[in-house]
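The values are calculated or read from the model by the stated rules, or taken from the named source; none is laboratory data. Bear in mind that the values here come from a model prediction, so they are computed numbers and not experimental data. Ideal geometry is used to build each Cβ from the backbone, glycine not excepted, and the neighbour counts take in all protein chains shown. Just the protein is used for accessible areas: all its heavy atoms, side chains included, with ligands, DNA and RNA removed. Shrake-Rupley method; radii C 1.70, N 1.55, O 1.52, S 1.80 Å.
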Amino acid sequence: MSETSLPPVTTTPAAPTREETPLRRFARSFIEDRVALLGLLVFATIVLLALAAPLIAPQNPYDLAAVDVMDSRQPPGAVAGEGFTMWLGSDGVGRDLLSGILYGLRISLMVGAFSGLIAATVGMTVGLIAAYAGGKVETVIMRLVDLQLSLPSVLVALILVAALGKGVDKIIIALVIVQWAYYARTVRGSALVERRKEYVEAAQSLGLSHARTVFRHILPNCLAPVIVIATVQTAHAISLEATLSFLGVGLPQTEPSLGVLIANGFQYMISGSYWISVFPGLALLMTIVSINLVGDRLRDVLNPRLEK
Amino acid sequence: MAAFILRRLAQALFVIGAMLVIVFFGVNVVGDPIYMLVSPEMNQEQIAETARSLGLDRPIWEQFLIFLRNAVQGDLGRSFVHGESAIKLILSRMPATLELALVALFMAIVIGLPLGLYAGLKPESKASRAIMAISILGFSLPTFWVGLMLILAFAVGLGWLPATGRGETVSVLGIETSLLTVDGWQHVALPALNLALLKISLVIRLARAGAREAALMDYVKFARAKGLSQSRIIGVHILKNIMIPIVTVLGLEFGSLVAFSVVTETIFAWPGMGRLLLEAITRLDRPVIVAYVMVVVVLFVTINLLVDLVYSALDPRVRLTEAST
């Protein structure tokens, strides 16, 4: 996060001293909460592991030549035919589960990050337009937002994948459509407050264009609640993708996210090979919970009303 | 009041109409379903014949007009796979889903309310913190994952409860229900708990917030000063006041329970309409998808409408602000 993207207005109501930049103040107040710090560390570790997967995974799970069917359904700690230890066991076709999880994390995180970014961009733009334009435009946009938010996200996502089909790009589109309304509603809420403030009037009387006023002046001051929403929504997107993939309507077998891995293990679970489903599930859980912990803390830190 | 009801009714009908259009065109841009239905040995002529018999050879807008005309008469097409009326198919699976959702709703109240009350009345105790931690987990955990763990623990590990299917059913007034047999309850316990988990967390939070607020109110202090027992203060005075928002929210959440049952029904092989939807999606059975969505949307709109009307009857401010905007 760069320093300029943090709104100074919301984090420092008092004049900052030379050493106390808004970002430092924010960081210090964030780490005061040990649980949130732990969440942040866990999440950072998960991201690093996912990024480094090709370097640290004992096996490339997509490489058919590296996978041996003789190794299938081995319990955690068994040694593979090639000599390395499969700490988390292997799945139904003999893939090392730890490697599968590391690669699966990449896909799950990527889907979450991309859908979150696009949804945030679309939602913020639409929300700002609604707040700034007002009138009929606002009514139409907000009715659409209300309509969408009144339907449960699982159902909307299911119908969308039914219409779009399988694949990473289609899932991202579906998740964007599910999520944009949350961003739009949040941004509109804060933009409505901001646009009545004097700096907006100043920008307008300087003759700045509408676009410049909205995106350079109003938008930065609406970012604090968006950051909070973004963490919660990204965790939700990852969970939703896993759910859809588990149900067999999300990602195909060729792009095994954590949800696909869990689904693959489901059939073996009844017969006692619990690890094939349980370990990818724990990885998914740690990802979601750590993001939520960070989001919870951000909500407290970025809320100016709670400031002492 | 009459104008308010009419306006709300018109809005509800508009939403249903809009969804009808969106869903029909949304679902019908998917790949050609005809190739999923014919056997590979069929020649071109036979394929064309099948397409004609299902009305798939006509232009999309014509299909839509026919669909619309039939929809008004309560006919949402025939399932490509089952050959039955789609709406009948959905409705025949509906009791199983509603049964599951109702048991889940019941569980949410029975489990969530006492826990939330306790956490609200003793906010500093260790047990309260544990309860709140559990409720945060309840929000974070994906439903399908919890379902798997429930199966692993109670069906595979302990062997207490069956993992899949619906138990023995009894017909009451023409509706099959499994809630009157022991076998039925054993089968419904795990899936209902799975479905209820999110709502249990929700009820805990609502009850906790409500109880914390109510405990400071004058009427509670007065009741205490009168010398009423603690259980009477909590059971009558506090509970009555916090039940209103909880019941409202749960009413609105009933629709989401039905929607989430798609996940739960698939895991526990529960023969409800959610599982039917998933089968329809994987087999591109368009009429069933459309019919499912319409049934759920009507259910949603009806619930929202009822909640709105009850609210405006209880609280005139809702009506007045509505009229002024």
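Show me the ranking of peptides A:112-123, B:147-158, A:42-53, B:226-237 by mean Cβ neighbours inside 10 Å, starting with the highest.
Per-residue mean Cβ counts within 10 Å order the peptides as A:112-123, B:147-158, A:42-53, B:226-237.
Chains A and B: buried accessible surface, both sides, probe 1.4 Å, rounded to 100 Å²?
The contact between B and A buries close to 2900 Å².
In peptide A:154-166, what is the residue-averaged number of other protein chain Cβ atoms found within 10 Å of each Cβ?
Per-residue shielding by partner chains comes out at 6.
How do the peptides B:12-20, B:256-264, B:93-101 rank, highest first, by the average count of neighbouring beta carbon atoms within 10 Å per residue? Kindly include the intermediate steps, with their values, before the conclusion.
On the way: B:12-20: 16.3, B:256-264: 25.6, B:93-101: 21.9.
Going from most to least packed, we get B:256-264, B:93-101, B:12-20.
Toward the positive end of the charge dipole of chain B, about the Cα centre and with charges on Cβ (Lys, Arg +1; Asp, Glu -1), which of B:230, B:270, B:252 goes farthest?
The Cα lying farthest towards the positive end belongs to B:230.
Step through the table entries A:136/B:199; B:126/B:199; B:122/B:221, compare each Cα-Cα distance with 25 Å, and write down the pairs that go over it.
Cα-Cα > 25 Å for A:136/B:199; rest within.
I need the peptides B:287-294, B:186-193, B:302-309 ranked by packing, meaning the mean over residues of other C-beta atoms within 10 angstrom, with the highest value on top.
Top to bottom by mean Cβ count within 10 Å: B:287-294, B:186-193, B:302-309.
So what does residue B:218 come to for accessible area, using a 1.4 Å probe and Å² rounded to 10?
Accessible area of residue B:218: about 110 Å².
Stretched out fully, how many nm does the piece from residue B:49 to residue B:21 gain, at 0.36 nm a residue minus the Cα gap?
7.3 nm
First measure r as the distance between the Cβ atoms of residue A:206 and residue A:27, then evaluate 1/(1 + (r/R0)^6) with R0 = 30 Å and state the FRET efficiency to the nearest 0.05.
It comes to 0.35.
How much length is gained if the chain between residue A:197 and residue A:45 is pulled fully straight, taking 0.36 nm per residue apart and subtracting their Cα-Cα distance, in nm to one decimal?
Contour length minus the Cα-Cα distance gives 50.6 nm.
Which FRET efficiency, nearest 0.05, do residue B:125 and residue B:247 yield, Cβ-Cβ r, R0 22 Å?
0.25
Mind jotting down the three principal axis lengths of the protein assembly as shown based on Cα atoms? Whole angstrom, largest first.
77, 72, 69
Could you state, as a whole-number percent, how many of the C-alpha pairs of chain B are farther apart than 36 Å? Let's see the in-between values first.
Working: 18585 of 52650 pairs.
Beyond 36 Å sits 35 percent of the P(r) for chain B.
Among B:216, B:137, B:206, determine the one that fluctuates most according to a GNM of chain B built with springs between C-alpha atoms less than 10 Å apart.
Among B:216, B:137, B:206, the largest GNM mean-square fluctuation belongs to B:216.
Determine how many Å³ per residue the convex hull of the Cα atoms of segment A:163-220 encloses.
Enclosed volume per residue, from the Cα hull, is 95 Å³.
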